[in-house]
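This report refers to the structure that appears directly beneath it.
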Amino acid sequence: MSDVTLDSYARGIYAIDTDYVRPRLDASHLVVRNGHAAFVDCGTNHSVPYLLAALKALEVAPEAVDYLFLTHIHLDHAGGAGRLMEALPHATCVVHPKGAPHLSDTGQLEAGTRATYGNQVYDTLYGELVPIPAERIRSVEDGETIRLDDSPFRFLHTPGHALHHVAIHDETAKSVFAGDIFGIAYRVFDNPAGEPFIFPATTPTQFDPDQMHASIDRITALSPRAVFLTHYSRVTDIERLAADLHACVDRYVEIAREHENDEDARNRIRHALHDYLAGRLEEHGTQIEAETRETWLEMDMNLNAAGLLAWRERLARQRERAQ
């Protein structure tokens, strides 16, 4: 294992590169307060050694970790949860009620991810999931608060990307850990002024634009100093980024509807999403080679197109049932 990549922020917040796919694509966050610690998301099975290395580098004992907070159970966020929990003897895994059953019985979660990515990619990226004993899992209701020592963390149900998604308001740091609901901001797309470029994650199978708009507004209404994204870490200038996300969600929906009756709709949607984001990147002033841009956009454009298609098909089924 290579050395862990660890970024330090105020109020005892650290971003750990989970080494998922490529550097600085996927982060786990570690919060350390008064000798107590919590992870927010954990990456995959392959990420666990990096998270334990971060604890060692910060001289935090595994026994001092009280919680593993999961924003949702997609495997780039939670695939290593069971393996990590084996190394954290006193930790409780905290998750949305809809996600909790899939952490103690992982069969459906694995099957769904294999259906999205295919067996070969699944085996390379994720590996065999380790179940968490049900007694070590805590479900959180909307608005529920959990304390890490004297720091309150309030859990907000934030659907739109996934029905089992939560955002976590760290009231001490006046920040929000947003998982995927406040979009993706790969740092390779920052412009020369260091301003991030953001776009939404419409991954299959539970994308819903109205819910996503409402969840983005709910986070913005907290007036956070910063939002910590899994892809990738700390962003500020929250009102600008929220406006960009809202506009982008609307354009994604327009693209899905423009190709509603097309053959090979998924590829047409994917190409249209790509062209839209490439244009936005140029306007943003991102200065990277086209080949690098394509490398970073490819997986997300495939997943976002599939998510939009799944959303459109779900609406069609709902209309059929209503007739």
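The values are calculated or read from the model by the stated rules, or taken from the named source; none is laboratory data. Values in this document were obtained by computation on a predicted structure and should not be read as measured data. Cβ: placed from backbone, ideal geometry, glycine included. Neighbour counts: every protein chain shown.
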> Filter segment 1-45 for residues that are surrounded by fewer than 16 Cβ atoms within 10 Å (Cβ to Cβ) and small (Gly, Ala, Ser); which is nearest to ARG83 (Cα to Cα)?
Replying inline: SER2
> For GLU59, which of the numbered conditions (1) out of contact with any Cys (no Cβ under 8 Å at 6 or more places or on another chain); (2) in a helix (DSSP H, G or I) fails to hold?
Replying inline: (2)
>> Return the residues of segment 123-133 that are within 30 Å of VAL31 (Cβ to Cβ) and surrounded by fewer than 17 Cβ atoms within 10 Å (Cβ to Cβ); say none if nothing qualifies.
In response: GLY127, GLU128, PRO131, PRO133
> Taking the condition in the same structural domain as VAL176 (by TED's automatic domain parsing), part of a helix (DSSP H, G or I) and not polar (S, T, N, Q), does LEU84 pass?
Replying inline: yes
> Which of (1) assigned to a loop (DSSP other than H, G, I, E, B); (2) over 16 Å from the mean Cα position of the chain (by Cα) is the odd one out, the single condition ALA53 does not satisfy?
Replying inline: (1)
>> If a residue must be of a type in the set (Ser, Thr, Tyr) and touching a His at 6+ places or on another chain (Cβ under 6 Å), how many such residues does segment 157-179 contain?
In response: 1
> Is it the case that SER215 is more than 26 Å from GLU313 (Cα to Cα) and among the hydroxyl-bearing types (Ser, Thr, Tyr)?
Replying inline: no
> Taking the condition touching a Leu at 6+ places or on another chain (Cβ under 7 Å), within 28 Å of LEU6 (Cβ to Cβ) and surrounded by 22 or more Cβ atoms within 10 Å (Cβ to Cβ), does PHE228 pass?
Replying inline: no
> Taking segment 254-311 as the search range and keeping residues that are of a type in the set (Asp, Glu) and outside any helix (DSSP H, G or I), which one is modelled with the highest pLDDT?
Replying inline: GLU289
> Can you name the residue in segment 87-111 that is touching a helix residue (DSSP H, G or I) at 6+ places or on another chain (Cβ under 9 Å) and assigned to a helix (DSSP H, G or I) and, of all such residues, is surrounded by the most Cβ atoms within 10 Å (Cβ to Cβ)?
Replying inline: LEU103
> What tally of residues in segment 212-235 results from selecting those that are farther than 13 Å from GLY183 by Cα, without any contact (Cβ under 8 Å) to a residue 60 or more places away in the chain and touching a Ser or Thr at 6+ places or on another chain (Cβ under 8 Å)?
Replying inline: 2
> In segment 57-65, is there at least one residue being closer than 23 Å to ASP180 by Cα, in contact with a strand residue (DSSP E or B) (Cβ under 7 Å, 6 or more places away or on another chain) and not assigned by TED's automatic domain parsing to the domain that holds ARG293?
Replying inline: no
>> Please count how many residues of segment 232-243 are touching a Phe, Trp or Tyr at 6+ places or on another chain (Cβ under 8 Å), in a helix (DSSP H, G or I) and either on the phi > 0 side of the Ramachandran plot or not hydrophobic (A, V, I, L, M, F, W, C) (or both).
In response: 0
>> in contact with a Ser or Thr (Cβ under 6 Å, 6 or more places away or on another chain) and under 28 Å from ALA115 (Cα atoms): which single residue out of ILE181, ILE255 fits that description?
In response: ILE181
> Just one of the numbered conditions (1) under 29 Å from GLU291 (Cβ atoms); (2) touching a residue at least 40 places away in the same chain (Cβ under 8 Å) is not true of ASN119; which one?
Replying inline: (2)
